[in-house]
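First the structure, in the form of structure tokens, and then the observations on it.
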Amino acid sequence: MESHERTVFCANVINLPHRVDRYSHVKREFESRPEYTVNLVAAISHQIGASGLWQTIKQIIRSGQERSAEYVIICEDDHQFTPKYDKKQLERLISEAKKLQADILLGGISWCRSALQVSKDLFWVDKFSGLQFTVIFRKFYDTILNAEFKDGDASDYKISELSDNKLVIFPFISIQKEFGYSDVTISNDTIGFVSDLFKNTALILDQLIRVRAFYQALPNINFSHTDLQLNEILLPTYIINLPEREERLSHIKTQFSERNEFETTIVEACRHTTGAIGLWKSIIKVIKLAIENEDDVIVICEDDHEFTKEYSKEFLIKNIIEAGEQGADILSGGAGSFGQAMPITAERYWINPIFSTQFIVIYSKFFKKILDYKFKKTDTADGVFSLLTSHKMLLFPYISIQRDFGYSDITQIHNEIPGLVSNMFNESQNFLRNIKAAYLRQ
């Protein structure tokens, strides 16, 4: 039956001619959707599949540029529409993404480093994977055409580097069909691997939606510095140290020497052949001391904690109070790594999982959960904290980093790779800068 529906989209479908199974699949995906015209693009062959894909993408963009097209839609031949696809919604979201100054709009992704919901159906993403259905806007053409693509690069990661404003539709309207092999990504050759990636990423984005809704439903909390009786506040602070680590003890004493907002107690670390177990036993020791002292909130520091130049008494105390009012169990002063982070404010982020324990604020309502947990030899303190509570927050800019002493009593890998700790903190702060910039653009 002939359809009189107006063509809305032109899909540039990339296919290696000898991949007839993929061609048959992607042809079926579009043949029942008269809103598309399909331009089959023979993929440029290259001994490195990723380079061939990049060159083909550039070829499509050059063609779009010559036609002065507002955007081009690029599909790989493993693209598969989900039941959430709707042509009117796609039209609307392309228009919305353009108004948000997006460089690209993705139909679905298999992974992302960070994500932030910017509207009901759109997420901003940082580093991502998955280009099976991609809208590239005209403002981004020259950036791609002029970019250097080196051996070892991948098209999705390269685009991640080139753009600060990448959006993805959620729920996904596109995923990758499993063919049991990949011409670009060797790790995708395992059946079920790609499908699981899309499912897991969708679960993460769904979690971020629920977290965002939870905090948006809370009353607005914003203490000004004038509301705080700063001179009357003392923060019980427990510093964990092995006595023989004299250089660390000297360092940490210097960190607190002129900061009278902290009431510090040096706690001798518990010893164990497994460093992580020793640290957990030390944390338990601190929690028991805090209960004896009837502390409502405490700071636990490891002896490699170092304040950053962004630290201020006002900033920390304001956020401790606000985070507590919002139900936080833990507030971290800085993390060498993290999973997903969602801005609650421009300076405080919900985070899961949390890594690094060199400066953490713990609220008394969380004490019992810590004491009741049976720590296993494969556990880590930060991993357990992530397991025990979803109410974890992180300050940004960081007020705390780890001083690199060139060795670690807890984490063996830090003894094997010089500079690893500093690099981790630098990288995690770069990710948070990107998230904060996206948050402030809203």
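The values are calculated or read from the model by the stated rules, or taken from the named source; none is laboratory data. Since the model is a prediction, treat every value here as computed from it, not as a measurement. Cβ: placed from backbone, ideal geometry, glycine included. Neighbour counts: every protein chain shown. Side chains are part of the model used for accessible areas, which takes the heavy atoms of the whole protein and leaves out ligands, DNA and RNA. Shrake-Rupley method; radii C 1.70, N 1.55, O 1.52, S 1.80 Å.
Observations, loosely collected:
- Out of L387, L331, sole residue that is closer than 27 Å to L208 by Cα, at pLDDT 95 or above and in a strand (DSSP E or B): L331
- Residue in region 88-111 that is over 18 Å from F137 (Cα atoms), among the hydroxyl-bearing types (S, T, Y) and buried (at least 21 other Cβ atoms within 10 Å of the Cβ) present: yes
- So D121, is it within 25 Å of Q207 (Cα to Cα), buried (at least 21 other Cβ atoms within 10 Å of the Cβ) and at pLDDT 95 or above: no
- Against the list (1) touching a residue at least 24 places away in the same chain (Cβ under 8 Å); (2) outside any strand (DSSP E or B); (3) open to solvent by 30 Å² or more (accessible area, probe 1.4 Å), the condition E148 fails is (1).
- Test: residue in region 49-68 that is on the phi > 0 side of the Ramachandran plot and modelled with pLDDT of 95 or more: yes
- Enumeration of residues in region 7-29 that are open to solvent by less than 40 Å² (accessible area, probe 1.4 Å) and closer than 15 Å to D78 by Cβ: A11, N12, V13, I14, N15, L16, R22, H25, V26, E29
- Neighbours by Cβ (under 7 Å, 6+ apart or cross-chain): first from region 259-273, on the phi > 0 side of the Ramachandran plot and in contact (Cβ under 8 Å) with a residue 24 or more places away in the chain; second part of a strand (DSSP E or B) and open to solvent by 70 Å² or more (accessible area, probe 1.4 Å): none
- Criterion: small (G, A, S) and either touching a helix residue (DSSP H, G or I) at 6+ places or on another chain (Cβ under 6 Å) or open to solvent by less than 10 Å² (accessible area, probe 1.4 Å) (or both) - qualifying residue of G333, G383, G339: G333
- From the list Y349, Y311, the lone residue that is in contact with a Lys or Arg (Cβ under 9 Å, 6 or more places away or on another chain), among the hydroxyl-bearing types (S, T, Y) and part of a loop (DSSP other than H, G, I, E, B) is Y311.
- Odd one out for S408, checked against (1) at pLDDT below 95; (2) surrounded by 19 or more Cβ atoms within 10 Å (Cβ to Cβ): (2)
- Hits in region 269-304 (condition: out of contact with any strand residue (DSSP E or B) (no Cβ under 7 Å at 6 or more places or on another chain), among the charged types (D, E, K, R) and not in a helix (DSSP H, G or I)): R271, E294, D296
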